[in-house]
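Written out below as structure tokens is the structure these notes cover.
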Amino acid sequence: MTVPDAPRCAAAAAPALPAWLAARRWIPGGEPPALRISAATAIPSPTPRRGLVHLVVTTGSGGAEADFPVLLDVTRTPRDPSTTAPPPAEVDGWSIRPAVDDPAATAGLLNLIADGVDLGGLRGEAEPTVVLPPRSAGNGDLR
């Protein structure tokens, strides 16, 4: 059982993205009038029940376009419908949510970056003033 590929996760998440982005402080003016997924990259994870997908979402049109990164948390964890809201998207039983809503997923990404794991072609710039939080057992370990 492997995490669905990045394009399938992106396609499943696409209908939920406008409302989700509208609620984020970095998106000015509410729900974006135009939105497209410009890139979808799977971030390799050795855990068979969880993965991450990085999207580049382009909002606007013409000369007023802006790109925003969106990290999706893709999990195979069974959901208790009496206590857990349905995910914004699903693919073949995999739940897809914005990872920013899950501290374990964002901590897991930081751990992968700190460990120097190949992130499927994604690159970042080191910020000398940023200190990553210490790793602790169960703190977003995607391995």
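Details
- Asp67 at pLDDT 75 or above, part of a strand (DSSP E or B) and in contact with a helix residue (DSSP H, G or I) (Cβ under 6 Å, 6 or more places away or on another chain): no
- The range 88-143 - residue that is in contact with a Lys or Arg (Cβ under 8 Å, 6 or more places away or on another chain) and modelled with pLDDT under 70 and, of those, nearest to Thr75 (Cα to Cα): Leu142
- Selection from the range 70-84 of residues that are acidic (Asp, Glu) and at pLDDT 85 or above: Asp73
- Checking every residue in the range 26-36 against the condition of being under 21 Å from Gly121 (Cβ atoms) and either modelled with pLDDT of 80 or more or assigned to a loop (DSSP other than H, G, I, E, B) (or both) gives at least one match.
- Search result, residues across the range 91-125 that are free of Cβ contacts under 8 Å to residues at least 60 places away in the same chain and exposed (fewer than 11 other Cβ atoms within 10 Å of the Cβ): Gly93, Asp115, Gly116, Arg123, Gly124, Glu125
The values are calculated or read from the model by the stated rules, or taken from the named source; none is laboratory data. Here the structure is a predicted model, which is why all the values come from computation and not from measurement. Here Cβ is always computed from backbone atoms with ideal geometry, including for glycine, and neighbour counts include all displayed protein chains.
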